[in-house]
Amino acid sequence: MNGFRIGFGYDVHQLKEGYDFWLGGIKLEHVKGAVGHSDADVLIHVICDALLGAANMRDIGYHFSDKDPKYKGIDSKILLRDVMKFIRDEGYEVGNIDTTVCLQVPKVNPHIPAMKTCLAEVMSLPESSISVKATTTEWLGFVGREEGVSAYCVALIYKV
């Protein structure tokens with residue numbers, strides 16, 4: 001099997017006025033932001049879940065409970081750094097990650113280069129290992145009604 005493993009992540013956050021909107025480690029200017037126990041960065045959360053799943057290490061909620069006050073408002077980049085340490089301590093390295101953000105507005109595409117730079121720095125990976133894509137839902141569902149944001153991620157890890 002050569003020690004390759006694949007993981008999948010999915011997450012959703014509600015969007016509301018009066019909240020900051022963090023996505024892929026950067027702050028987007030928008031009238032609404034994501035609601036959550038942490039900074040609610042849905043893109044980082046799915047990356048964490050995909051990596052943890054690939055390593056068979058449960059999920060982000062197991063490691064960073066939303067019932068624990070020490071994670072209230074935490075920068076999700078800190079959680080991602082910790083997840084990278086967890087998987088590397090188990091002898092894994094990241095081959096690549098592929099993500100998709102589902103968001104009606106604001107447009108994500110102009111921010112993708114900055115997100116990739118930020119994520120690569122946090123994960124100590126080359127930007128070429130990180131794919132960030134975005135789509136709308138053509139005004140359908142909770143994303144289309146601008147009530148929330150969702151994201152998906154698949155991650156390939158391998159034993160070093």
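Under a Cβ-Cβ cut-off of 12 Å, what is the net charge of the residues other than V132 that fall near it, where Lys and Arg count +1 and Asp and Glu count -1?
Taking every other residue near V132 into account, the sum is 0.
What residues of the stretch 144-159 lie in the reach of a label at I26, counting those whose backbone N is under 20 Å from a point 7 Å from the Cα along Cα→Cβ?
149-153
Based on the Cα gyration tensor of the stretch 6-91, what are the three equivalent ellipsoid semi-axes, each the root of five times an eigenvalue, rounded to whole Å and given largest first?
After diagonalising the Cα gyration tensor, the semi-axes are 23, 13, 11 Å.
Between V132 and residues 5 or more places away or on another chain, which pairs have amide H atoms under 5 Å apart, with H built 1.01 Å from N, and which residues are they?
T99
With each run of n ≥ 4 DSSP H residues scored as -39500 (n - 2.57), what mean residue ellipticity at 222 nm is computed for the chain after dividing by its residue count and rounding to the nearest 500 deg cm²/dmol?
-8500 deg cm²/dmol
Answer with one residue from G33, V149, V83: the one whose Cα lies farthest towards the positive end of the charge dipole of the chain, charges on Cβ with Lys, Arg +1 and Asp, Glu -1.
Of the listed residues, the answer is V83.
Once you've got the Cα coordinates, tell me which of K27/K159; K27/K133; K67/K116; K77/K159 are over 27 Å apart.
Violating the 27 Å Cα-Cα cut-off are K27/K159; K67/K116.
To the nearest 0.05, how large is the calculated FRET efficiency for A120 and M57 if R₀ is 22 Å and r is the Cβ-Cβ distance?
0.50
Can you compute log10 of I(q)/I(0) for the stretch 28-160 with the Debye formula, treating each Cα as one identical point scatterer, at q = 0.13, 0.14 Å⁻¹?
-0.55, -0.64
How far is the Cα center of the stretch 68-141 from the Cα center of the stretch 1-62, in Å?
Answer, in whole Å: 7.
With the dipole of the chain worked out from charges on the C-beta (+1 for Lys and Arg, -1 for Asp and Glu) around the Cα centre, which of L103, S65, V12 lies farthest toward the positive end?
So the residue we want is S65.
Read the figures in this text as sums done on the coordinates, not as results from a lab. From a predicted model like this one, the values you see are computed outputs, not experimental measurements. Positions of Cβ are backbone-derived with ideal geometry, glycine not excepted, and every protein chain shown enters the neighbour counts.
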